[in-house]
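For reference, the structure is listed below as structure tokens.
The values are calculated or read from the model by the stated rules, or taken from the named source; none is laboratory data. Predicted model only: the values in this text are computed from it and were never measured. For neighbour counting, all protein chains shown are included, and Cβ atoms are generated from backbone atoms with ideal geometry for every residue, glycine included.
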Amino acid sequence: MPRREAKQEIFPSLAELDAALYGPVLRFILFFPPERPFISGNHHNRLGRPRRSKRGKLISTTYTPAAAKEQAEYIASVASAAAWSEQWKMPDYVRMDMLGINIDADRENLHKVCADPLEGVVFFNDRRVKTGDITILRAKGPPRIVVAIQAINGKALGFAKPSSRRDSAGAHVPLRSTRSNSGKIRASRSESH
């Protein structure tokens, strides 16, 4: 009998494992009515007029259309309101599940278009989105995206804790870029905190 109890302690139940790995969930819905259609990631950056540098090298420039900027502001404002109402604290790692209903976009563009405006609002960096499911389907109603962002325990999953982003009190330490002797830009922690 004691042996069975020890075995249960070594192998926790699936519910206990999920509780150890995953944290709180932030949910919100993004509506895209006909007067404000969803803009895919393929149309977020447009090529500008090519120009030449001082040395005569041809440079191609890109710009973001005003409609794409407005969409990013809309996504950030909805996420910010949801984060404020839920008293969301930005975790180190997140899982982002999305359900695109009546949206004409592929999965990668849907993720990128939604992840970029959420950076700095719901999570520190979109590189910290470690996993997630993206489902696209057709249903009645307006085009919309249902987003669920869940904090995950990166240490339990084997990811290193981003210690360079926080000081000893747990406050966010901004990175500033400096030029090294070789002319390359590198990031370093600011010592002002």
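Structure above, values below:
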read-out: Region 59-92, subset out of contact with any helix residue (DSSP H, G or I) (no Cβ under 6 Å at 6 or more places or on another chain), part of a loop (DSSP other than H, G, I, E, B) and not hydroxyl-bearing (Ser, Thr, Tyr), residue modelled with the lowest pLDDT; value: Pro65
read-out: Count - residues of region 103-140 that are closer than 16 Å to Ala151 by Cβ, free of Cβ contacts under 8 Å to residues at least 24 places away in the same chain, part of a helix (DSSP H, G or I) and not charged (D, E, K, R); value: 1
read-out: Single unsatisfied condition, Arg107 versus (1) at pLDDT 85 or above; (2) touching a Ser or Thr at 6+ places or on another chain (Cβ under 9 Å); value: (1)
read-out: Answer from Arg95, Arg3, Arg27, Arg49 - the residue that is more than 26 Å from the chain's Cα centre (by Cα) and either modelled with pLDDT of 80 or more or assigned to a helix (DSSP H, G or I) (or both); value: Arg3
read-out: Residues within region 6-24 that are at pLDDT 60 or above and not small (Gly, Ala, Ser), tallied; value: 3
